[in-house]
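One structure below.
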Amino acid sequence: MTDHDTVSAAECGPAGDLDIPAPPLRGAWPLLGHAPALLRDPLALLAEAGRTGPLTVVRLGPVAAYVVTGPDLVRQVLVTDAARYDKGFQFDALRRLIGDGVGTSRGAKHRRNKRMLRPAFDRTSSRVHARNMTPQIEGFLDAQWDPAADPDGRTAPDGRPVIDAAVDLRVLSMRLITNSMSGSELAADEVMRALPGLLSGIGRRALLPVRALDLLPTPGNRRFDRSLRRVHAVADDMVARERERAAHGDAAAGGGSSLAAWLAAVDEDGTGMTDEQAHDEIMTLLLAGTETTAGVMAWCLYVLARDSELQQRVRLEIADVTGGKRLEPADMRRLELAERVVKEVLRLYPPGWLIGRRAMEETRLGNTRIPAGSQVLVNFYALQRDPAAFHDPDAFDPDRWKSLDQAAVAPYYLPFGSGPRVCLGEMYGMAEIFCVLCAILARYRLEPVPGTTVRPVARTTLHPDTVPLRLTRL
Ligand code: HEM
């Protein structure tokens, strides 16, 4: 790469436009480039990329990738020039594994998929789901977290239970999304058996899509293939059961489930959803809707456990808003402090910390020519910690949201993405997070377990590796 400050005739774009190559990120190794740093400490690499400038180039082995951190350029990639990009090679790999649902499909198919799914995840439907969630959450806590019912005897020396919120909330999140989709506890049990194996292997396969590696008959690959087959079978089963239910007019059984709504929906062109498409959407939502919300909830409990005063303020707010009863969907907008806590967690630990795109044609970002086929990485992690928008950006300070100019920070705060690929599950995910936090804080006082360290894991999503907590039943 030439000196980025130098503009020569050779650097001019196709239409003779100015072409200022993006500066390369420091610290590349010979041959390997930034791949070792990306694997060792991806968040430090992204922070450094953000400090280097709005657009920088990293090298992953022989491949150059553009890291986009500037808010204007992020908007260009996600919104104004969205049609020039697809989701890139990770999603080609993912499509082979989970099919062509709303998260992996492209062009007209993506638009149709999203149109058909949207009503099941809009505000009204999310409220219906939220109303069904609280009893399930309470049932889960009774079974898993109540000291008397603690099946694993996971207790601290003082007899109080210790739980790992990172693990348990993933389980809870899987149950909730499966139930919302299918309306069936049975499906949730089956998903629970197969999904963890799938989630743990899929991140590696999407990040490093080398098919030869996946075909080796290693125990890990065999386990993964088994899990994948089982989740596909569960998805097939869910669709078949729902079709049967609908054929017998058994509205009560599946009524209110997302799947029942999709299968009954008819698109603008007069056609409905095929079984294959419904199957692919189930696969997509099981992946997109579990680790994301589970990670956010675990981070929330982590920050609340470390700050007992903040925890108590949130608890009092919940009691005040709900009057000690179950959370009603309409109550959510009155949980102002809880909302600031969740917002701040989403700012510091966005599950979508780094999102890939591929330029389908030659294009430009600002004054830089981006060749067709280039890998573009949107650096949400550093964008949301930009000191130009957030004072003391690495500090956890929920009250900053009281005085922030929302319009001014909006381009720097995109935890659910933006543009045509914006998250489908924002309303649903936020409803789930509020229901879970309210149920937990109303029941337990949370404390960190001394001597334990919580580390961020930046893989498919950014989530905490473990969140051990001591619980006291209130
Ligand atoms: C707090 C929780 C969540 C966060 C922070 C989050 C974040 C995101 C982000 C940043 C994207 C954009 C990806 C891109 O531009 O390539 C996305 C896409 C998506 N999310 Fe979420 N998500 C969350 C929860 C959920 C839930 C609960 C569901 C399902 C019920 C879901 C379903 C999806 C789907 C289907 C897409 C793909 C949309 C498309 O390609 O058009 N998400 N999410």
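The values are calculated or read from the model by the stated rules, or taken from the named source; none is laboratory data. As the structure is a computational prediction, the values presented were derived from the model and not from experiment. Positions of Cβ are backbone-derived with ideal geometry, glycine not excepted, and every protein chain shown enters the neighbour counts.
Yes or no, residue by residue, for (1) at pLDDT 90 or above; (2) buried (at least 22 other Cβ atoms within 10 Å of the Cβ):
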residue	(1), (2)
69	yes, yes
77	yes, yes
80	yes, no
86	yes, no
90	no, no
96	no, no
106	yes, no
Q | Hits in the stretch 225-242 (condition: more than 23 Å from the chain's Cα centre (by Cα) and of a type outside the set (Lys, Arg)) | A | 225, 233, 236, 237, 238, 239, 240, 242
Q. What single numbered condition from (1) at pLDDT 95 or above; (2) crowded, with 17+ Cβ neighbours inside 10 Å fails to hold for residue 420?
A. (2)
Q.
For the stretch 304-341, give me the residue count where each residue is surrounded by 21 or more Cβ atoms within 10 Å (Cβ to Cβ), in a helix (DSSP H, G or I) and within 16 Å of the ligand (Cβ to nearest atom).
A. 2
Q: May I ask you to list the residues in the stretch 272-295 that are away from the ligand (no atom under 13 Å from the Cβ) and either surrounded by 24 or more Cβ atoms within 10 Å (Cβ to Cβ) or of a type in the set (A, V, I, L, M) (or both)?
A: 273, 278
(Q) I'm trying to understand the selection: among the residues of the stretch 18-36, which are out of contact with any Ser or Thr (no Cβ under 9 Å at 6 or more places or on another chain) and closer than 19 Å to residue 355 by Cβ? (A) 34, 35
Q) Can you tell me which residues in the stretch 441-474 are of a type in the set (D, E, K, R) and either in a loop (DSSP other than H, G, I, E, B) or surrounded by 15 or more Cβ atoms within 10 Å (Cβ to Cβ) (or both)? A) 443, 445, 447, 455, 459, 465, 470
Q) Within the stretch 12-117, which helices (runs of 4 or more DSSP H) (wholly inside it) include 1 or more residues that are among the β-branched types (Val, Ile, Thr)? A) 42-52, 71-75, 89-98
Q: Determine if the stretch 163-176 includes at least one residue that is at pLDDT below 80 and of a type in the set (D, E, K, R).
A: no
